[in-house]
Structures are given as structure tokens and as C-alpha cells.
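The structure's right below; bear with me while I get my questions together.
The values are calculated or read from the model by the stated rules, or taken from the named source; none is laboratory data. Because the structure is predicted, anything quoted here is derived from the model rather than measured. Note: ideal-geometry Cβ built from the backbone for every residue, glycine included; neighbour counts use all protein chains shown. Accessible surface areas use protein heavy atoms only, side chains included; no ligands, DNA or RNA. Shrake-Rupley method; radii C 1.70, N 1.55, O 1.52, S 1.80 Å.
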Amino acid sequence: MQNPVTVEVTRGRIVESRHRGMGIVVDGDGRTVFSFGDVESGVFPRSACKAMQALPLVESGAADAYGFGNRELALACASHSGEDGHAALAASMLARAGRDVSALECGAHWSSDQNTLIHQARTLEKPTALHNNCSGKHSGFVCTCCHAGYEVEGYVNYDHPLQAEIRGTMEALTGAALGYETCGIDGCSIPTYAAPLKGLAHGFARMLTGAGLEPLRAKASRRLMEACMAEPFYVAGTRRACTKLMQVAPGKIFAKTGAEGVFVAALPDQGLAMAVKCEDGTTRAAEAMIFALIARWFERDGEVHQSLMAMANKSMKNWNGIHVGDIRVTDALFA
């Protein structure tokens, strides 16, 4: 199956670039409400599945043992920009378990956000693992290991008990068989598994609604998603798509991006979850796709719908502020 063109980028009156993609919306029981493209094909969710990976932090009792609130739980699900508040909170999480930055195995990098990068270059000799966009998730991993009695060193490895637990959790939620044959290594060094896009969306629909989940997991899932919606800055950061999405309609949209053009979202009022993948891995297209797909489920004449569609279809200006073209979604998202 050839995936449809979902996003076009124009220059002047000409379409300069086209992005193909796939997407699906499901309910808690896994029923497909809307889809386009090859949603049965396997995709690496990358960071889009961080809320699933954070479940052991809550289910083990570690989050409560260390007194974590919404900010800490949101950061455990985050792909943040490495802003000062993000790095400080990750350090605080580690300190509550008696650890510090040396425990993190995610590596260090400068922020991908230009303004944050400039600030870092002015104030830091070099970034640390606390500035890694995955430091919140990894701090949650370290805290889970400390509370559960797992060896902290090597917590990123495929055979580590925490990663085995996460693998089993994701299998149960997505219905996909995950193992060496579907495994790759993520940018932050932990295992990442390819699963059907439909299974990824269904997993988040189950987390949202609790459908088919035991009470402990249903409660933990709801707690993580509510934390992200309550503290969207700690999920991403200033000017970031995830943060802006959850600020458009507070408490009504959960959203999480992943590398290589993946995005997931869940809508509590509608009991629906969705996942999209831009075939060529382009972030600008994945963002436009998820903005428009979420907008479908809000009143067309309402402020939320209009704000989301304005985010999906936006103009591009050059460095002189001259309008040069547009990013726009196609009818494939509205068929």
C-alpha cells in the first residue's frame, strides 16, 4: 500500500515538497474510528512511547516513595529542550534517590532549540547528561531501579530487568510481540521496538480509558497522562509542539512526539487516541498531521479547532519576514 500525501509545502504558487504519511484513530477497545495509509506496518515509536516506558516508575511505588508530583512525572515522559528548569528537575529527581548525574547513561548533548542552545553556550562550558532531552525519563529509570533493588549500572541494556519489564509492559499495551528481531537502539541508548502504528495508538487508547487494564496499571496510566497535561512545559518546553498542543485545550489533549516523524495523542473527553508517522521522518509534517487530526474531534467553529488548524496550516517567511510559502495538510486527513 502506498501511503497518501498528507502534507504539502509550497513556494510561491508551486508545491515544492510533498510528505506521505499514515495515521489512525482508535477507541479503548481498539476499534478504528479513522485511518489513512498502511497503519499495520511496523514503526519505531521512539520517544512517542515514553509514557508507556514510565509506567514501572509509578507501578513499582517509586514515584510515591520519592514524593514525585505532576512535574516529575511529566519530566519522566518528556523529550525536553534542556532548559534550566528541565535540567534542575532531573537533578532533583536523582537526588531523592541518593544519586546524581553520574548515574545517567543517556549521554550529553546541546539543546536542539536555538534559543536554549544560545543560552547554554553562554552559561555552560559543555552540556551534561542532565541537558539530554531524555534526562527526565532516565532519571525515572534510575529511581525505579533504586526503589526496586535493581542494579543501576547498565539499566539501558536489553537484558536489564527494568528494560525487560518495560518490554513486557509495551507488549501488553500494544498487542505486538517485541524482542530482538524488532529491536533497535534509541538515541538515548535504551532499546526501542518497532510495532504496528495501530497497536501504538491502541496502547495509548487503553492507557487513556483503562479498557482491559488491571486497576493498578489503569490508575498509573491515568496519573501519567494527567501529569503531562497538567505540566506541559516539562513534557517539551518553550515553543515546542507538545507543549503548545496541551496548552491549546488544557486537560483535553495529551500529546507526545517521537523522532523520525512519529506523533501520538489522546483525547480524554472523546475516549480516543491516535498515532501518525511521516514516511520520510520529517518533523514538520508529523506535527501538521497530528494538529489537523486532533482538530477533527473538536467543534469546527470552536476556538480549539481553529487554533489547531492554524497550527497545521501555517505560512513560512524568510529572514526578511517575507511570506515565501506555506505548510498545509491535504484532504487525506479529512476523507
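Take the conditions in contact with a His (Cβ under 6 Å, 6 or more places away or on another chain) and within 18 Å of D331 (Cα to Cα) and apply them to A285. Does it pass?
Numbers: in contact with a His (Cβ under 6 Å, 6 or more places away or on another chain): yes; within 18 Å of D331 (Cα to Cα): yes.
Yes: the conditions hold for A285.
Here's another thing I want to ask about it. Could you check how many residues of region 195-247 are open to solvent by 40 Å² or more (accessible area, probe 1.4 Å) and of a type in the set (G, A, S)?
Within region 195-247, residues that are open to solvent by 40 Å² or more (accessible area, probe 1.4 Å) and of a type in the set (G, A, S) number 2.
Looking only at region 113-131, filter to residues that are assigned to a loop (DSSP other than H, G, I, E, B) and surrounded by 13 or more Cβ atoms within 10 Å (Cβ to Cβ); which one of those is modelled with the lowest pLDDT?
Across region 113-131, the extreme among qualifying residues is D113.
A quick yes/no check of all residues on (1) of a type in the set (V, I, T); (2) more than 15 Å from T6 (Cβ to Cβ); (3) touching a Gly at 6+ places or on another chain (Cβ under 9 Å):
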| position | (1), (2), (3) |
| --- | --- |
| V262 | yes, no, yes |
| L267 | no, yes, no |
| A275 | no, no, yes |
| E279 | no, no, yes |
| M289 | no, no, yes |
| A295 | no, no, no |
| E303 | no, yes, no |
| A310 | no, yes, no |
| R328 | no, no, no |
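May I ask you to say which residue of A211, A205, A236, A220 is in contact with an Asp or Glu (Cβ under 7 Å, 6 or more places away or on another chain), more than 14 Å from M52 (Cβ to Cβ) and not charged (D, E, K, R)?
Sole residue among the options that is in contact with an Asp or Glu (Cβ under 7 Å, 6 or more places away or on another chain), more than 14 Å from M52 (Cβ to Cβ) and not charged (D, E, K, R): A211.
Follow-up. Can you find a residue that is assigned to a loop (DSSP other than H, G, I, E, B), touching a helix residue (DSSP H, G or I) at 6+ places or on another chain (Cβ under 7 Å) and either within 20 Å of F204 (Cβ to Cβ) or open to solvent by 10 Å² or more (accessible area, probe 1.4 Å) (or both) anywhere in region 275-282? Spell out how you get there, then give the answer.
Here is the first cut: in region 275-282, the ones assigned to a loop (DSSP other than H, G, I, E, B) are 279-282.
From what's left, touching a helix residue (DSSP H, G or I) at 6+ places or on another chain (Cβ under 7 Å): none.
Within region 275-282 (the criterion being assigned to a loop (DSSP other than H, G, I, E, B), touching a helix residue (DSSP H, G or I) at 6+ places or on another chain (Cβ under 7 Å) and either within 20 Å of F204 (Cβ to Cβ) or open to solvent by 10 Å² or more (accessible area, probe 1.4 Å) (or both)), the answer is no, since none of the residues qualifies.
With the checklist (1) open to solvent by 10 Å² or more (accessible area, probe 1.4 Å); (2) over 18 Å from V262 (Cα atoms) in hand, flag the one item G179 doesn't pass.
(1)
Looking at region 249-261, which of its residues are in contact with a Leu (Cβ under 8 Å, 6 or more places away or on another chain) and buried (at least 23 other Cβ atoms within 10 Å of the Cβ)?
I253, F254, A255
Would you pick out the residues in region 91-112 that are closer than 23 Å to R240 by Cα, at pLDDT 95 or above and open to solvent by 50 Å² or more (accessible area, probe 1.4 Å)?
If the condition is that a residue be closer than 23 Å to R240 by Cα, at pLDDT 95 or above and open to solvent by 50 Å² or more (accessible area, probe 1.4 Å), then A108, H109, W110 are the ones that fit.
Hey, another quick one. Against the definition (charged (D, E, K, R) and closer than 15 Å to L245 by Cβ), how does R284 come out, yes or no?
So R284 passes the test.
I'm told A241 meets every condition in (1) farther than 15 Å from A78 by Cβ; (2) touching an Asp or Glu at 6+ places or on another chain (Cβ under 6 Å) except one. Can you identify the failing condition by its number?
(1)
A further question on this structure: Considering only region 8-30, I want to know if a residue exists there that is open to solvent by less than 30 Å² (accessible area, probe 1.4 Å) and more than 24 Å from A194 (Cβ to Cβ).
First, pick out the residues of region 8-30 that are open to solvent by less than 30 Å² (accessible area, probe 1.4 Å): 9-10, 19, 21-28, 30.
Still in the running and more than 24 Å from A194 (Cβ to Cβ): 9-10.
Checking region 8-30: at least one residue is open to solvent by less than 30 Å² (accessible area, probe 1.4 Å) and more than 24 Å from A194 (Cβ to Cβ).
Sticking with this one: Which of the residues that make up region 313-331 are in contact (Cβ under 8 Å) with a residue 24 or more places away in the chain and among the hydroxyl-bearing types (S, T, Y)?
T330
Restricting to region 41-60, give me the number of residues that are at pLDDT below 95 and either on the phi > 0 side of the Ramachandran plot or of a type in the set (S, T, N, Q) (or both). Even if it seems obvious, please write down each step before you answer.
Restricting attention to region 41-60, the residues satisfying the condition of being at pLDDT below 95 are 41-42.
Then keep just the ones that are either on the phi > 0 side of the Ramachandran plot or of a type in the set (S, T, N, Q) (or both); that gives 41.
Qualifying residue count for the region: 1.
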